[in-house]
Every structure is written in C-alpha cells, then in structure tokens.
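Below is one structure, written out as structure tokens; the observations come after it.
The values are calculated or read from the model by the stated rules, or taken from the named source; none is laboratory data. Since the model is a prediction, treat every value here as computed from it, not as a measurement. Because the Cβ atoms are built from the backbone with ideal geometry, glycine has one as well, and the counts that use them run over all protein chains shown.
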Amino acid sequence: MTAFQATSSATEITYASSNLLEAIGPRRKHLRAMPWPRVRTTQPINRGLAVFLRLIGAAVLLYAGALYESRPAHARHTHPRPAADPPGQLLADLQSQAPQHAHLELIADPATAHSPNAANQVLAGILFHLDSGWHIYWQNPGDSGEPPKIQWNLPAGYRAGAIRWPQPTRLGHGSIVDYGYNDQVLLVIPIERTANTQPAPTPSAQIAATVKYLVCQEICIPGKADLALPLSAATEPLAQNPNWHSLFDQAEAQLPKKPPASWRISAAADQNNFILTVDTGSVKTRANTSYRAAPRAALFFPATPSQIDNSTPQQFSGTAAAFTLTLHKSDQLTAPISTLKGVLVLNGSDSNPGTAYEIAAPLTAAAPKGKQ
C-alpha cells in the first residue's frame, strides 16, 4: 500500500448489542458473519410479503439476542475478558476479520483540467473497486440500501462540495429493485479553496475523508474506510499516478448532462401514475435540414426515494416528435410533490449505457381521459 492509497474495513455484525459483544469476546475468532434481514427473490413476490419477511428476520435476530442475554452469567462467560482489551477493541478485531468486498482509494485531479475557470478547485474522487457480483448504491438507493456518506477533514480554508453522482444502473429483480453501481465507480467531489486563504497550507497538509458505505450481494455489509492524500498530490496528481486523469475523464463522461435547449419537458399526475412527456424538438444536420430525434427507449431514475414504484415496468410510448413515460406511483408516497426530479436515460441497453440527462419537470394534474 503506497502513501496515496488506503483500504476499507467492514463488519457484518449489525444487530449485536454492546452487552452481547462483551459476552462473546473470548470467541471472536470463531464468529460467523450475520446477514442483514434482507429479502431478495429470483421470482416476483408480493411486496407486502417481502416486507413481512424482513420484519420476521429482524425479530428472530433480536429474539435470539434477548435469549442469550437472559442466560445465567456463568453460562455466558466461560472465560474472563482480558483486562488489557480497550473498549471497542472487539469491534475493531471483527472488522479486520470480515471479508473485504470493496477496496477504496482517494485520488485527485486538478479541476482546471476539466474546467479552465476552476482555478481554486481540485477534484477529489472516492474510487470503489468492487468484487464481482457486489454493488454499492446511488443517491436514491431504491427499495433498499444506503448511499455512501463522506465526512471530510480538510486544511483550513478548504471546503468540499456535493458528490457528483454518475449515471446509475438498475439492480435486482422481482419486487425489489435498487439503483447503484457494480464493478468500479468513481464518485467525484470538488474541493474548493476560498479566496485569500491564510495561512498557506503546510507541506504536510492532507485531504482526508472517512467513507461509510454498504456493499451488497445477497447480504449487505457495512464498511468504513479512512482515506488520506497529501494536498500536494491533489494539486499535482499526474506526478503521483498518471492514470488518475483518465479515471476522472471516464467519470465525467458518465455524469448526467443538461437536456438540450430545444427539449420541452413536462409531467402530469393522475391518481396512480406520473406521466413524463418530453418533446425533443428538431435537430439541425450538417446539411442544415431538420428532423425529429425521438429516442427508441427511455428509463427514469427518480432522485428522491418513495415517489415511484421502482419494480413496476415504465411504459414508454414514442412518436417522431416526442415520447412519454408512464411511472407508477409508490404506495409509500404520502404527500403531493411539485416537481419530478431525476435522471432520464435514453436508448440504454445491457451493452450500451445510453445517454443520461438530469431533469426537473414541474407537475400538473393530468387531464381527464377523453379531454386530452
């Protein structure tokens, strides 16, 4: 491991109480990881049944813990806990023994390499390398999971911006559908230096981040990574790793773009659905002729959870002039919304990610049938 890389640690113990952890301390080398009460199916099942099974799983784990706590003290403590173990040492030991399904790096690139007007910025990136079949989550994780969270420790006069989320993919099947990333993904975060920062950072100044995340397959494992990078490596990263710049170029290509100015985007809501309509306008060719550029397929990723039913197929209908997507409302949507925000992907497939646009469509009431 070089000075500019750090690995992550994870633990699968998620429901043990502090007393239970104390009790099982002497046996920690033989513990088996405990999966989260998470249901994934290969065949569609009723959503209510899936939630019920999750609750049953959680109840079983909690009941087992309560039974263990109720045993006599002599049955729970076969050996005294070594007095030298500091508080939290057991949890640290468990983290170090847990399987590693995600390796994280903190890398950087000058912002001016991507935007000439960003002289006071560097671009930091959390690079996730994921084992085959494992994934992490987008800002809206879908029906389960949590997105990564970053806590920064920066030199005085520096501040971190929001994560720039790449285009996500659909994960899962049946009645449980999530949004996230497989294999490898770079989450880009701009780090800005305020004007006239005083005093100047010392040569030992670092950009540091603590990243908490879930990495999931059939079970979910919470992970934590403490990452650091010298500030000098962030401002001149090509001297540290010439591959970093190409990784940021790839990440930039995966960011959703603004829709073309010729598009007219609107959304309407009826009792059960949102109807997203996009008039794509005309496009000028090199011969200065115009044509309509409606896509062959479209998929919408909502930015906010619990607005649409993620597992219900989105109904696409297109003409030469426009297209619509019918999105079934989530049964967890409890209040009206004014704007439908998210990422719209056109012409995507298993072999082609398509083109992603970030949209925000004001909502109106749908016209009654027969009056449209």
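The residues of the range 313-363 that are assigned to a loop (DSSP other than H, G, I, E, B), among the hydroxyl-bearing types (Ser, Thr, Tyr) and within 21 Å of ALA253 (Cα to Cα), listed by number, are SER349, SER351.
What do you reckon, is GLY318 modelled with pLDDT under 95 and either surrounded by 16 or more Cβ atoms within 10 Å (Cβ to Cβ) or of a type in the set (Phe, Trp, Tyr) (or both)? When the stated conditions are applied, GLY318 passes them.
Please verify whether the range 253-268 includes one or more residues that are modelled with pLDDT under 85, polar (S, T, N, Q) and touching a Pro at 6+ places or on another chain (Cβ under 8 Å). There is no residue in the range 253-268 that is modelled with pLDDT under 85, polar (S, T, N, Q) and touching a Pro at 6+ places or on another chain (Cβ under 8 Å). Among the residues of the range 219-241, some residue qualifies, meaning at least one is over 30 Å from ASP178 (Cβ atoms), assigned to a loop (DSSP other than H, G, I, E, B), at pLDDT 75 or above and not aromatic (Phe, Trp, Tyr).
Each residue in the range 295-305 was checked for being surrounded by fewer than 16 Cβ atoms within 10 Å (Cβ to Cβ) and either at pLDDT below 95 or aromatic (Phe, Trp, Tyr) (or both), and 2 pass. For the range 161-176, residues that are surrounded by 16 or more Cβ atoms within 10 Å (Cβ to Cβ), hydrophobic (A, V, I, L, M, F, W, C) and at pLDDT 95 or above total 2.
Looking at VAL215, VAL185, VAL211, VAL177, just one residue is outside the structural domain of HIS328 (by TED's automatic domain parsing) and within 23 Å of GLN307 (Cα to Cα), and that residue is VAL177.
Sort out which residues of the range 338-361 are of a type in the set (S, T, N, Q) and either touching a His at 6+ places or on another chain (Cβ under 6 Å) or farther than 13 Å from PRO256 by Cα (or both), and write them in order of number. Show your work before the answer.
In the first step, residues of the range 338-361 are kept if they are of a type in the set (S, T, N, Q); the result is 338-339, 347, 349, 351-352, 355.
SER338, THR339, ASN347, SER349, SER351, ASN352, listed by residue number.
Residues that are surrounded by fewer than 18 Cβ atoms within 10 Å (Cβ to Cβ), among the aliphatic types (A, V, I, L, M) and at pLDDT below 95 within the range 334-372 comprise ALA335, ILE337, LEU363, ALA365, ALA366, ALA367, listed in sequence order.
Go over the candidates ILE163, ILE207, ILE191, ILE150 one by one and state the one that is of a type in the set (A, V, I, L, M), more than 11 Å from the chain's Cα centre (by Cα) and under 26 Å from TYR357 (Cβ atoms).
On the way: ILE163 fails: more than 11 Å from the chain's Cα centre (by Cα); ILE207 fails: under 26 Å from TYR357 (Cβ atoms); ILE191 fails: under 26 Å from TYR357 (Cβ atoms).
From the options ILE163, ILE207, ILE191, ILE150, the qualifying one is ILE150.
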